[in-house]
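A.B. asks: Attaching a single structure in structure tokens format; questions to follow.
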Amino acid sequence: MKSKKLLWAIIPMFALVGMSLSACGGPGEGTGTDDPIPENPNPEGPVMKNKVEVVLASTAGKSNQVVLEKLIEEFKEVEPNVTIVNKKVEGNYAAMAKNVIDGFATGEHPDMTLVYPDAVADFIDYGFAFDLEDYMHNEAYGWTEEEFNDIVPEFLKEGQKYVMEGTYSLPFSKSTEVIYYNADKIFGIKLSGVNNGNPINEAYMNSLTWEEFFGNLCPKIIAYSNTAEGASLFDKSDDKYAVLGYDSDANFFITLCEQYGIPYTSIDASGTGSADFGTPESKKLLENLNKFTKEHYIVTQKGIGENVDKYFKANKTLFSIGSTGGASYQYDSKNPTKLYVAPVPQAKGKDKKVILQGPSMAFLKHKKGAEWDEDRQLASWLFYKFATTQENSLLWSTETNYLPIRTSVYESDDYKDTYDESAISDKKSYDALTARIANLAPNLTSYYFTSPAFKGSNTCRSAVEAMVGKACTATNDAKDAQKWLDDAITESNKAIG
């Protein structure tokens, strides 16, 4: 395996960019099967003739900031008239969105920011987000047809699911959800009626349905844990142990709705959003989640009031569903185990679905006199285009563990070598875990789904998060499911207006 750190320490970033500029031909001219996409963002020289300064704001952590600074430094070599100011904002993505909106009144908002689509919908509502279509399709500095086709389709579509027609955000730090489990503990367990009587193995985990999980595996696991042979499966020192911990209450509900065809939210022909989850099916879902919580099948972050990855590492849950971008939270460096990943369980007999998450790049307008400052908008696009070339997408994904946004990165030798699990001697290492995630990720791209983003969609998400948290609190009673549902619908409708 090529160390993710050594891969880029040996070849400085400037050298990579230099190689791409000198090695690539004009549009449509490939350089070989491992590098089919033209990587020179400006073969005719700098695009920007006027000096311009733009601000990139994010909540990226320390290690990710280092990679951003590399990209900014090398972009300066390509577009010397553009200065990118890298602004670190403390807090989560909700804090980032609030920081941006607070700046609209004074014009002190950034030009680019990494946020979730619900925040972009709010930016559109305030009138500060702009459509990127003219930049993406520009003959002089837009993407070539090959570059368009190289972006993972569902990643690109996410930025087009707004109330306004067009593209208002573009993929950058994308992730999805997987189920984490300790293979040393799981593999080899033999339970009557599970996996056709064979021991649990990787193939079984990769094909789980919720029907099999809740209807067969969970009750058998709980029963087995009550025997002398299975007593070590859980730490039962308190009553919060469970077969599965789900990190996001909102994602749990939204994913189940998508998988089973239960309405969640929608946008009508006029562009108005709607909270559609006030249905008998949703009520039944909440009742089941409450039942499963009491039976120790599941715990959720809101239900227990703590991050479930802590419970996973403390041996209070056997499985943990969380983000591919959050693998470090699932991995216990003080007590390393052979962590494997599998797709989240699916609905039996339905199309396979897994939620697409992770922040995208949003682009914002600024006034220059009475007009919008087109130089700042163009400079922002040029930086994004540079930062997401094949080489730079490869750099970002391998250094941050976010999913590559380009198909060609998954197919490149560098990516495959970096995540070659067979070359990793320590199967309990963090590198082994990230390799397993990277090798699973390409198999999930056809499963991705996103929910429409509109004014109030962020409140819909928060409302169902609280609703599911109530259902997954063991001391609550399922008879209150209708009230939990009604409260969530009322809160959502107030925000939608």
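A.B. asks: Name the one entry in Leu289, Leu318 that is over 22 Å from the mean Cα position of the chain (by Cα) and farther than 25 Å from Ala432 by Cβ. Spell out how you get there, then give the answer.
C.D. replies: Details: Leu318 fails: farther than 25 Å from Ala432 by Cβ.
The conditions single out Leu289.
A.B. asks: Kindly list the number of the only condition in (1) of a type in the set (Ser, Thr, Tyr); (2) over 14 Å from Cys472 (Cβ atoms); (3) under 23 Å from the mean Cα position of the chain (by Cα) that fails for Tyr224.
C.D. replies: Only one criterion is unmet by Tyr224, namely (3).
A.B. asks: Would you say Tyr260 is surrounded by fewer than 16 Cβ atoms within 10 Å (Cβ to Cβ) and among the aromatic types (Phe, Trp, Tyr)?
C.D. replies: Spelling it out, Tyr260 is indeed surrounded by fewer than 16 Cβ atoms within 10 Å (Cβ to Cβ) and among the aromatic types (Phe, Trp, Tyr).
A.B. asks: For the range 47-61, what are the residues that are within 19 Å of the chain's Cα centre (by Cα) and either open to solvent by 40 Å² or more (accessible area, probe 1.4 Å) or of a type in the set (Gly, Ala, Ser) (or both)?
C.D. replies: Answer for the range 47-61, where residues must be within 19 Å of the chain's Cα centre (by Cα) and either open to solvent by 40 Å² or more (accessible area, probe 1.4 Å) or of a type in the set (Gly, Ala, Ser) (or both): Ala57, Ser58, Ala60, Gly61.
A.B. asks: Among the residues of the range 205-216, is any closer than 30 Å to Met164 by Cα, open to solvent by less than 10 Å² (accessible area, probe 1.4 Å), among the aliphatic types (A, V, I, L, M) and in contact (Cβ under 8 Å) with a residue 40 or more places away in the chain?
C.D. replies: So far as the range 205-216 goes, no, none of its residues is closer than 30 Å to Met164 by Cα, open to solvent by less than 10 Å² (accessible area, probe 1.4 Å), among the aliphatic types (A, V, I, L, M) and in contact (Cβ under 8 Å) with a residue 40 or more places away in the chain.
A.B. asks: When the range 300-325 is examined, which residues are found to be open to solvent by 10 Å² or more (accessible area, probe 1.4 Å) and of a type outside the set (D, E, K, R)?
C.D. replies: Selection gives Gln301, Gly303, Ile304, Gly305, Asn307, Tyr311, Phe312, Ala314, Asn315, Ser323, Gly325.
A.B. asks: Looking at the range 130-145, is at least one residue modelled with pLDDT of 95 or more and in a strand (DSSP E or B)?
C.D. replies: So far as the range 130-145 goes, no, none of its residues is modelled with pLDDT of 95 or more and in a strand (DSSP E or B).
A.B. asks: Further question: I'd like to verify a number: residues in the range 63-102 that are closer than 23 Å to Ala119 by Cβ and open to solvent by 30 Å² or more (accessible area, probe 1.4 Å), how many?
C.D. replies: 14
A.B. asks: What do you reckon, is Ile221 touching a helix residue (DSSP H, G or I) at 6+ places or on another chain (Cβ under 9 Å), part of a loop (DSSP other than H, G, I, E, B) and at negative phi?
C.D. replies: So Ile221 does not fit the description; no.
A.B. asks: In the range 157-203, which residue that is charged (D, E, K, R) and in a loop (DSSP other than H, G, I, E, B) is farthest from Thr272 (Cα to Cα)?
C.D. replies: If we take residues in the range 157-203 being charged (D, E, K, R) and in a loop (DSSP other than H, G, I, E, B), then Lys190 is farthest from Thr272 (Cα to Cα).
A.B. asks: Which residue is farthest from Lys338 (Cα to Cα), if the candidates are limited to the range 204-215 and must be in a helix (DSSP H, G or I) and in contact with a Pro (Cβ under 6 Å, 6 or more places away or on another chain)?
C.D. replies: Checked the range 204-215; the qualifying residue farthest from Lys338 (Cα to Cα) is Trp210.
Quick grid of which residues meet (1) open to solvent by 10 Å² or more (accessible area, probe 1.4 Å); (2) under 26 Å from Tyr180 (Cβ atoms); (3) not hydroxyl-bearing (Ser, Thr, Tyr):
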position: Lys367; (1), (2), (3): yes, no, yes
position: Glu371; (1), (2), (3): yes, no, yes
position: Trp381; (1), (2), (3): no, no, yes
position: Thr388; (1), (2), (3): no, no, no
position: Thr398; (1), (2), (3): no, yes, no
position: Thr407; (1), (2), (3): yes, yes, no
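A.B. asks: Can you name the residue in the range 472-497 that is part of a loop (DSSP other than H, G, I, E, B) and out of contact with any Leu (no Cβ under 7 Å at 6 or more places or on another chain) and is also farthest from Phe253 (Cα to Cα) among such residues?
C.D. replies: The selected residue is Gly497.
A.B. asks: What number of residues within the range 265-293 are surrounded by fewer than 16 Cβ atoms within 10 Å (Cβ to Cβ) and basic (Lys, Arg)?
C.D. replies: Just the residues of the range 265-293 that are surrounded by fewer than 16 Cβ atoms within 10 Å (Cβ to Cβ), to begin with: 266, 268-272, 279-281, 284, 291.
After this cut, where a residue has to be basic (Lys, Arg) as well, the list is 284, 291.
Total meeting the criteria: 2.
A.B. asks: Phe155: open to solvent by less than 50 Å² (accessible area, probe 1.4 Å), over 15 Å from Tyr384 (Cβ atoms) and in contact (Cβ under 8 Å) with a residue 24 or more places away in the chain, yes or no?
C.D. replies: Against the criterion (open to solvent by less than 50 Å² (accessible area, probe 1.4 Å), over 15 Å from Tyr384 (Cβ atoms) and in contact (Cβ under 8 Å) with a residue 24 or more places away in the chain), Phe155 does not qualify.
A.B. asks: Surrounded by fewer than 19 Cβ atoms within 10 Å (Cβ to Cβ), charged (D, E, K, R) and outside any helix (DSSP H, G or I): does that describe Lys416?
C.D. replies: no
A.B. asks: Considering only the range 60-99, state which residues are among the hydroxyl-bearing types (Ser, Thr, Tyr) and either assigned to a helix (DSSP H, G or I) or at positive phi (or both).
C.D. replies: If the condition is that a residue be among the hydroxyl-bearing types (Ser, Thr, Tyr) and either assigned to a helix (DSSP H, G or I) or at positive phi (or both), then Ser63, Tyr93 are the ones that fit.
A.B. asks: Run Ser169 past the list (1) within 26 Å of Asn458 (Cβ to Cβ); (2) open to solvent by less than 20 Å² (accessible area, probe 1.4 Å); (3) out of contact with any helix residue (DSSP H, G or I) (no Cβ under 6 Å at 6 or more places or on another chain) and report the number of the one that doesn't hold.
C.D. replies: Here Ser169 meets the rest and fails (3).
A.B. asks: Inside the range 221-231, can you point out the residues that are more than 12 Å from Glu295 (Cα to Cα) and touching a residue at least 12 places away in the same chain (Cβ under 8 Å)?
C.D. replies: Let us first name the residues in the range 221-231 that are more than 12 Å from Glu295 (Cα to Cα), namely 224-231.
Passing the criteria: Tyr224, Gly230.
A.B. asks: Do we have any residue at all in the range 435-443 that's in contact (Cβ under 8 Å) with a residue 40 or more places away in the chain and open to solvent by 40 Å² or more (accessible area, probe 1.4 Å)?
C.D. replies: Yes, the range 435-443 contains at least one residue that is in contact (Cβ under 8 Å) with a residue 40 or more places away in the chain and open to solvent by 40 Å² or more (accessible area, probe 1.4 Å).
A.B. asks: Now a separate question. Considering every residue within the range 194-203, establish whether at least one is closer than 23 Å to Leu289 by Cβ and out of contact with any Cys (no Cβ under 6 Å at 6 or more places or on another chain).
C.D. replies: yes
A.B. asks: Turning to a different aspect of this structure: Please go through (1) modelled with pLDDT of 95 or more; (2) on the phi > 0 side of the Ramachandran plot for Gly188 and return the number of the only condition it doesn't satisfy.
C.D. replies: (1)
A.B. asks: When you check Ala362 against the structure, is it among the small types (Gly, Ala, Ser), in contact with a strand residue (DSSP E or B) (Cβ under 8 Å, 6 or more places away or on another chain), over 30 Å from Val243 (Cβ atoms) and in a strand (DSSP E or B), yes or no?
C.D. replies: So Ala362 fits the description; yes.
The values are calculated or read from the model by the stated rules, or taken from the named source; none is laboratory data. This is a predicted model, so every value here is computed, not measured. All Cβ positions, glycine included, derive from the backbone under ideal geometry; neighbour counts span all protein chains shown. Keep in mind that these areas ignore ligands, DNA and RNA; they rest on the heavy atoms of the full protein, side chains included. Shrake-Rupley method; radii C 1.70, N 1.55, O 1.52, S 1.80 Å.
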